[in-house]
Every structure is written in structure tokens, then in C-alpha cells.
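Here the structure is laid out as C-alpha cells; the discussion comes afterwards.
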Amino acid sequence: MTKGIDLYHLQCLDSENDTRQRRLKEVQAALGENKALQQARSTLESTHTQIRKSKVRQHDLELEIQGVSDETTRFEQQLYSGAVKNPKELADLQAKIASLKRRRQNLEDDLLEAMIELEEAESTHSQAQKHLDETQVHWEAQQADLLAEQETLQEKLTEIEQAQAGLLPKIDPGDLATYRALRHGKGGLAVVQMQSGSCGGCGITISPSLKWRLRQGELIYCGNCERIIVQA
Ligand SMILES: [Zn+2]
């Protein structure tokens, strides 16, 4: 014959199992990469891209300035070589040199801008790197905690399983089916203790005849909420 107290213990184990299974799911969902870490990585990657762009721009400008300088030198050599005598040609050469010098000035302004841009990109990059490092440290600590918690939960769940295995042979299969149906239909609370002569589930007063049967060790059910009642 099934004892109420065994069903009560089974319910305690089932409830604890549910709670720990829920937490285990949360822990397992939180293991692995998280959003903050992915975000920090992608920010760092975009600062890398910006640095590369700025460097390419700086290099292109330097090459262009070199080209303009070389051209200027060539024209100046022509101008001062004395080979060109025609006043019109001389004036043309001087105009070309002046134009190239203006062009060089503009390019140097652009280069300065590009250098500032690169400096800013490098500073943004080092901030992003720092942020990623901090996020990583925090994430690693969190992962270690979660892994430890997962292990504890799994150990506890094994213990619960073993305790349930020890308890189940004491329970009549029919009573077990009733218990499971009640637990399912009554929000997980199938077995309640009698509290000051009342049902611990719905609070209704337990009749003297039920109390008497309970004292005889029978499995009794609340006449109102149908839950199994055990002695406190
Ligand atoms: Zn009741």
C-alpha cells in the first residue's frame, strides 16, 4: 500500500527536479558567445577597416605629392637650363610650375587631414581593443561560473534521480498514475500537508472521517481540491 508520505517525498523531488532542470536550461543557453562579445569584436573589426582606409589614403596622397614634386623639378630644370629662350615658352613653363605648386599645397593639406584621420582611427581602435579585452575578461569569468553551476546542477539532478529510483518501488503504479495526473492538473502540487485540520492546498476543513482514515495510514484525497493529503 502506498504511503502518503512517500508520495509527498516524490513530489518534493519532482519539484526540485523541475526547478533545477529549468535553471540548467538557462545556464546552457547562456554558455557560449554572447551579444556583448560579438558586438565588441565587430566594433574592433570596423576600426581596423577605418585604419586600413586611412593608411591607403595617406599613401596615395604621398605618391601623388611625389609625382607633382618630380614634375615640378623637371619643369624647373628646363626653366633654369637656359635651353628655353622663347618668352612665350618661358611664361608657359612658369605658369605650369606655379600651378603644380598650388596643386602640391592642396595635396599637402589633404595629407594633413588624412594623417589626423588616421590618428583618430588609431585612437578609436585602441579604445575598441580595450573594450573587447574587458568584455572578454568579464565573459570568461561568467563562463567559468556558468560551467561550475552546470556541473553542480547535473550532480544534483543525478542525486534526485537516484532518490526517485529508490522511492518509486514503494509506490503502487495506480497511485503513481493518479499522483502524476494530479500534479499535472494542479500546478505541480499534488500532495499537501494537513494544516490545523485543513487541507494545505485549498484550506477546506478536513472531515473527521477522512482524518480517521489518514490516521489509519490510508491514502486520502481532499473532497474539495482532490489533492492527496498527508500528515504534517
Ligand atoms: Zn483541498
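Here, each number is a calculation from the coordinates, and none is a lab measurement. Just so it is clear, the model here is predicted, and its values are computed rather than measured. Cβ coordinates were reconstructed from backbone atoms using ideal geometry, including for glycine residues, and neighbour counts include every protein chain displayed.
For ILE220, the amide hydrogen comes within under 5 Å of the amide hydrogens of ILE229, counting only partners 5 or more places away or on other chains and with H modelled in the peptide plane. Size descriptors for the chain: radius of gyration and Dmax over Cα atoms are 41.9, 135 Å. Take the Cβ atoms of GLU218 and THR19, set R0 to 30 Å, and the FRET efficiency comes out at 0.45. Temperature 10 °C, viscosity 1.306 mPa s: under these conditions the Stokes-Einstein estimate for segment 105-232, based on its Kirkwood radius over C-alpha pairs, is 76 µm² per second.
DSSP finds beta bridges in the chain, and of those with both partners inside it, around 60 percent are antiparallel. Based on every Cα atom in segment 31-168, Rg and the maximum pairwise Cα distance Dmax equal 32.6, 116 Å.
Of all lysines in the structure, the ones whose alpha carbon falls short of 28 Å from that of LYS35, not counting any fewer than 8 places away in one chain, are LYS25, LYS53, LYS130. Projecting label points 7 angstrom from Cα along Cα→Cβ for ASN86 and ALA165 puts them 10.7 nm apart.
Annotation: extensible slack from THR124 through LEU176 equals 12.2 nm (criterion: 0.36 nm per residue apart, minus Cα-Cα distance).
The stretch between ALA30 and THR73 holds 8.8 nm of extra length on full extension. This uses 0.36 nm per residue minus the Cα-Cα distance. Absence of a disulfide-compatible partner, taken as no other cysteine beta carbon within less than 4.7 angstrom, is noted in the chain for CYS12. Centroid-to-centroid, using Cα positions, segment 164-194 and segment 76-136 are 85 Å apart. Along its three principal directions, the equivalent ellipsoid of segment 114-188 from the Cα gyration tensor extends over semi-axes of 58, 16, 6 Å, largest first. Stretching HIS131 away from SER207 to a fully extended chain increases their span by 20.6 nm, per 0.36 nm per residue minus the current alpha-carbon distance.
Once the Cα atoms are used to define both axes, helix 35-81 deviates from the longest principal axis of the chain by about 0 degrees.
Among the trypsin sites (Lys or Arg not before Pro) found in segment 53-118, those both in a DSSP coil and sparsely packed, with 13 or fewer other Cβ atoms within 10 Å of their Cβ, are LYS85.
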